[in-house]
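What follows is a set of notes on a single structure, which appears directly below.
The values are calculated or read from the model by the stated rules, or taken from the named source; none is laboratory data. Model, not experiment: these values are computed from the prediction. Reconstructed Cβ throughout: ideal geometry from the backbone, glycine too, with neighbour counts over all protein chains shown. Calculation scope for accessible area: heavy atoms of the full protein, side chains included, ligands and nucleic acids excluded. Shrake-Rupley method; radii C 1.70, N 1.55, O 1.52, S 1.80 Å.
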Amino acid sequence: MDLKFSEFDSSEWKLMSQVSRPSRYCGSEWRPYKKIPWNEAALKICLAFPDVYETGMSYYGFQIIEGFINSAGKNFLVDRAYCPWSDMENLMRETQTPLTSIENKKPLKDFDVIAFTLPHETSYTNILTMINSAGLELKSQDRDENSPVIVAGGYGAYTPEILSDFIDVFCVGEAEALLPPLLNLFAEMKGSKRSEKLNAVSKLKGFYVPLYFDFNGEAVERQLAEKFFTLDSMIVPSVNIVHDRAAVELFRGCGRGCRFCQAGMVGRPVRSRKLQEASKSILNIINSTGWEEIGLLSLASCDYYGIENLIDELSPTLNSRHAKLSLPSLRMDGFSIGLAEKLEGLRSKHGGITFAPEAGTQRLRDVINKGINEDMIVKCLNEIFSRGWERVKLYFMMGLPTETDEDLDAIAEISYRTLKLGRAMGRKRASVSVSVSGFVPKAHTPFQWERQNSISELQEKGRRIKSQVHDRNLSISYHEPEQTFLEGVLSRGDKRTCGVILRAWQTGARFDSWTEHFNLQRWLDAFEFCGLDPEDFTRERGEDEKLPWDFINVGLTKDFLLRERHRAFEQKLTPDCYSGCAACGIGCK
């Protein structure tokens with residue numbers, strides 16, 4: 001694998017000398033894929049990530065897609081583009097410089113396909129920035145016949161109406177199932193009019209083409225891969241990124257059934273990678289990249305059937321390489337603690353450990369079907385401190401359905417109990433960090449009908465929790481309610497929201513997930529300009545009400561989602577998929 005340096009002309013160097021972090025635009029990465037000459041490519045695809053380079057390069061799905069296309073044996077050229085930071089965007093406009101790809105340094109409008117990943121709702125205005133900076137019309141209906149086709153996939157494609165004015169094709173499901181028919185079709189139709197391509201795509205399963213969709217016809221059905229792609233190497237950036245590590249996927253989907261979790265619901269059924277395949281992938285990535293940490297990034301990696309054997313098998317090699325495996329967070333049970341200790345055995349000393357109880361009381365944990373109880377929590381905390389950990393991080397949510405003041409107060413109580421337990425067990429430097437996020441009801445979950453708390457309600461709840469903390473070794477922070485509000489509006493919006501996004505972008509909305517850039521008033525003004533009440537999108541929905549995403553079929557039946565909603569209100573647990581079938585509609589084999 002060679003270090004590849006991107007070629008720049010003098011105008012590009014001049015731009016980069018005037019902006020912060022020019023490394024965002026340089027490329028110059030270690031990459032394992034052979035570069036296809038521009039003029040020899042049968043199809044040119046630019047993968048577009050609507051955030052800055054160091055965020056996009058931390059997104060594992062982006063690397064999977066590039067690796068999958070490059071491994072297909074087709075003469076397809078794959079490149080990438082990221083959203084320019086505001087200083088670069090302004091300079092590009094002043095100098096009339098178009099947005100270019102990071103490796104080939106070609107304008108995005110010269111590609112056949114621009115493929116956006118939709119990681120989260122607060123990145124949507126960045127999509128408009130990238131389309132506009134590429135010199136393309138913002139709205140699909142206004143683009144000419146020679147424009148590249150703009151496609152989008154990811155979790156945002158499960159609620160596509162919010163962006164339907166701007167995206168030509170939404171890919172509903174997993175890349176390994178959707179990209180082969182889509183890209184092969186585009187290659188076969190190279191030279192055809194854009195409208196002809198879109199019409200042809202609209203006839204394929206798993207694709208929503210807004211300009212050619214009949215809402216009185218069939219639903220768009222999510223497509224899943226029978227076998228998901230295995231990365232044996234990864235592109236290594238030449239600069240530090242947000243999650244500066246390699247990653248491996250042990251399985252897809254989740255069988256736990258948490259009622260708030262969209263990823264767990266739409267990712268069903270669980271499909272696991274073979275143990276030897278996972279082990280080989282991890283070793284290959286370490287050998288080819290030099291990274292010293294690999295994250296096991298499934299939704300609940302502790303549930304992987306061979307997780308203990310995997311760690312035992314890899315430990316000698318990882319120790320010799322001074323490398324380590326990591327898990328994003330752990331379940332609060334003895335098995336997870338044992339795993340954590342095995343992982344810590346690959347490190348020189350104990351670090352922190354992270355759990356997500358999600359709710360403070362047992363009643364509310366049963367409402368959300370979390371599947372952990374008070375006894376498990378106490379035993380877990382005893383275990384971690386007795387085994388040497390000193391730093392604990394806990395994740396909770398506020399604004400959950402049926403929540404009371406008692407539930408909120410219990411968050412601080414559990415946090416204090418954790419700290420006191422650590423001290424009682426001789427951990428003099430024990431510290432607890434608590435992060436509380438506002439609950440957002442997501443589409444295709446049992447809570448998709450629920451009302452979202454207002455900004456003022458979340459502010460009051462956050463202040464209530466923080467006011468109960470008076471120990472410097474216990475820190476509590478909560479996510480900005482204004483940003484939570486916007487996420488809620490955009491996650492359950494409909495086609496009218498397109499106008500709001502456009503207006504907010506026109507008035508300066510950029511990088512809304514970045515606190516220093518977020519401006520709530522700009523969004524409120526955009527809603528007023530469009531004659532819409534934002535709280536109409538965060539209100540409770542009727543169970544018989546037609547929802548903007550109902551035409552997207554993710555495999556779950558409405559009866560199942562309603563049944564789970566009612567069980568939540570009755571505080572009844574539903575067993576996970578490993579214990580028995582909940583008849584969700586997926587029809588697992």
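Among residues of region 412-430 that are under 20 Å from Ile465 (Cβ atoms) and open to solvent by 70 Å² or more (accessible area, probe 1.4 Å), those with a Cβ under 7 angstrom from a residue that is at pLDDT 95 or above and not in a helix (DSSP H, G or I), sequence gap 6+ or separate chain, pair up as Glu413/Gly360. Restricting attention to region 368-377 and to residues that are in contact with a helix residue (DSSP H, G or I) (Cβ under 9 Å, 6 or more places away or on another chain) and part of a helix (DSSP H, G or I), the residue that is surrounded by the fewest Cβ atoms within 10 Å (Cβ to Cβ) turns out to be Glu374.
Restricting attention to region 66-99, report how many residues are of a type in the set (Gly, Ala, Ser), assigned to a helix (DSSP H, G or I) and under 30 Å from Lys14 (Cα atoms). Reasoning before the result, please.
Applying the first criterion (of a type in the set (Gly, Ala, Ser)) to region 66-99 yields 67, 71-73, 81, 86.
The next check asks that each one be assigned to a helix (DSSP H, G or I); those that pass are 67, 86.
Imposing the further condition that a residue be under 30 Å from Lys14 (Cα atoms) reduces the set to 86.
Qualifying residue count, region 66-99: 1.
Consider region 199-214 and keep the residues that are open to solvent by 20 Å² or more (accessible area, probe 1.4 Å) and assigned to a loop (DSSP other than H, G, I, E, B). The one that is modelled with the lowest pLDDT is Asp214. As a summary of the residue check, Gly217 satisfies the conditions (1) touching a Gly at 6+ places or on another chain (Cβ under 9 Å); (2) of a type outside the set (A, V, I, L, M); (3) farther than 21 Å from Ala72 by Cα; (4) part of a loop (DSSP other than H, G, I, E, B) except for the one numbered (1).
Table: residues versus (1) under 19 Å from Ile353 (Cα atoms); (2) among the basic types (Lys, Arg); (3) not in a helix (DSSP H, G or I).
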{"position": "Lys379", "(1), (2), (3)": "yes, yes, no"}
{"position": "Phe385", "(1), (2), (3)": "yes, no, no"}
{"position": "Asp407", "(1), (2), (3)": "no, no, no"}
{"position": "Ile414", "(1), (2), (3)": "yes, no, no"}
{"position": "Arg417", "(1), (2), (3)": "yes, yes, no"}
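Condition check ((1) touching a strand residue (DSSP E or B) at 6+ places or on another chain (Cβ under 8 Å); (2) farther than 25 Å from Arg24 by Cα; (3) crowded, with 18+ Cβ neighbours inside 10 Å) across all residues:
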| position | (1), (2), (3) |
| --- | --- |
| Gln96 | no, no, no |
| Ile102 | yes, no, yes |
| Lys105 | no, no, no |
| Asp112 | yes, no, yes |
| Ala115 | yes, no, yes |
| Ser140 | yes, yes, yes |
| Ala152 | yes, no, yes |
| Phe166 | yes, yes, yes |
| Met189 | no, yes, no |
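Every residue, every condition in (1) over 30 Å from Gly580 (Cβ atoms); (2) touching a strand residue (DSSP E or B) at 6+ places or on another chain (Cβ under 6 Å), yes or no:
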site	(1), (2)
Gln276	no, no
Gly290	yes, no
Ala300	no, no
Ser315	yes, no
Ser320	yes, no
Gly352	yes, yes
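One residue stands out among those in region 215-227 that are at pLDDT below 95, closer than 30 Å to Gly67 by Cα and not hydrophobic (A, V, I, L, M, F, W, C): the one that is surrounded by the fewest Cβ atoms within 10 Å (Cβ to Cβ), which is Glu226.
For region 108-146, which residues satisfy the criterion of being in a helix (DSSP H, G or I), in contact (Cβ under 8 Å) with a residue 40 or more places away in the chain and among the acidic types (Asp, Glu)?
The initial filter retains those residues of region 108-146 that are in a helix (DSSP H, G or I), namely 108-110, 121-133, 140-142.
Going one step further and asking which of them are in contact (Cβ under 8 Å) with a residue 40 or more places away in the chain, we end up with 108, 110, 121-130, 133, 140-141.
Scanning region 108-146 gives Asp110, Glu121.
Counting just the residues of region 35-82 that are open to solvent by 10 Å² or more (accessible area, probe 1.4 Å) and closer than 22 Å to Phe166 by Cβ, which one comes out farthest from the chain's Cα centre (by Cα)? Going through the qualifying residues, I end up with Lys44. Determine, yes or no, whether Glu196 is touching a Gly at 6+ places or on another chain (Cβ under 7 Å), of a type outside the set (Ser, Thr, Tyr) and open to solvent by 30 Å² or more (accessible area, probe 1.4 Å). No; evaluated as a whole, the condition is false for this residue. Listed here are the strands (runs of 3 or more DSSP E) enclosed by region 228-341 that have at least 1 residues being open to solvent by 20 Å² or more (accessible area, probe 1.4 Å): 293-296, 324-326. Would you be able to say whether some residue in region 109-125 is touching a Cys at 6+ places or on another chain (Cβ under 9 Å), polar (S, T, N, Q) and over 28 Å from Arg492 (Cα atoms)? The answer is no, given that none of the residues of region 109-125 is touching a Cys at 6+ places or on another chain (Cβ under 9 Å), polar (S, T, N, Q) and over 28 Å from Arg492 (Cα atoms). Cβ separations smaller than 7 Å between residues 6+ apart or across chains give the following pairs from region 194-222 residues that are hydroxyl-bearing (Ser, Thr, Tyr) to residues that are open to solvent by 50 Å² or more (accessible area, probe 1.4 Å) and part of a loop (DSSP other than H, G, I, E, B): Ser195/Glu145.
Tally up the residues in region 4-34 that are surrounded by fewer than 16 Cβ atoms within 10 Å (Cβ to Cβ), hydroxyl-bearing (Ser, Thr, Tyr) and modelled with pLDDT under 60, please. Adding up the residues that qualify gives 2.
Of all residues in region 154-164, which are in contact with a strand residue (DSSP E or B) (Cβ under 6 Å, 6 or more places away or on another chain) and either open to solvent by less than 20 Å² (accessible area, probe 1.4 Å) or aromatic (Phe, Trp, Tyr) (or both)? First the steps, then the outcome.
Let us first name the residues in region 154-164 that are in contact with a strand residue (DSSP E or B) (Cβ under 6 Å, 6 or more places away or on another chain), namely 154, 157-158, 160.
Answer for region 154-164, where residues must be in contact with a strand residue (DSSP E or B) (Cβ under 6 Å, 6 or more places away or on another chain) and either open to solvent by less than 20 Å² (accessible area, probe 1.4 Å) or aromatic (Phe, Trp, Tyr) (or both): Ala157, Tyr158, Pro160.
Looking only at region 388-405, which residues are of a type in the set (Val, Ile, Thr) and either closer than 30 Å to Glu341 by Cα or assigned to a helix (DSSP H, G or I) (or both)? Explain how you work it out, then say what you get.
Kept after step one, since they are of a type in the set (Val, Ile, Thr), are these residues of region 388-405: 392, 402, 404.
Passing the criteria: only Val392.
Being aliphatic (A, V, I, L, M), under 24 Å from Thr289 (Cα atoms) and touching a Ser or Thr at 6+ places or on another chain (Cβ under 9 Å) narrows it down to one of Ile36, Ile69, Ile65, so name that one. Outline the logic, then answer.
Working: Ile36 fails: touching a Ser or Thr at 6+ places or on another chain (Cβ under 9 Å); Ile69 fails: touching a Ser or Thr at 6+ places or on another chain (Cβ under 9 Å).
None of the other options fit; the residue is Ile65.
Ser454 - would you say it is open to solvent by 20 Å² or more (accessible area, probe 1.4 Å), of a type in the set (S, T, N, Q) and within 17 Å of Cys261 (Cα to Cα)?
no
Arg365 satisfies every condition listed in (1) under 26 Å from the mean Cα position of the chain (by Cα); (2) open to solvent by 20 Å² or more (accessible area, probe 1.4 Å) except (2).
Being closer than 22 Å to Arg259 by Cα, free of Cβ contacts under 8 Å to residues at least 60 places away in the same chain and surrounded by fewer than 21 Cβ atoms within 10 Å (Cβ to Cβ) narrows it down to one residue among His479, His470; which is it? So that I can check it myself, show each step before the final result.
Working: His470 fails: closer than 22 Å to Arg259 by Cα.
So the residue among His479, His470 that is closer than 22 Å to Arg259 by Cα, free of Cβ contacts under 8 Å to residues at least 60 places away in the same chain and surrounded by fewer than 21 Cβ atoms within 10 Å (Cβ to Cβ) is His479.
Any chance region 446-459 includes a residue that's within 30 Å of Ser386 (Cα to Cα) and of a type in the set (D, E, K, R)? Talk me through it step by step, then tell me what you get.
To start, the set of residues in region 446-459 that are within 30 Å of Ser386 (Cα to Cα) comprises none.
No, region 446-459 contains no residue that is within 30 Å of Ser386 (Cα to Cα) and of a type in the set (D, E, K, R).
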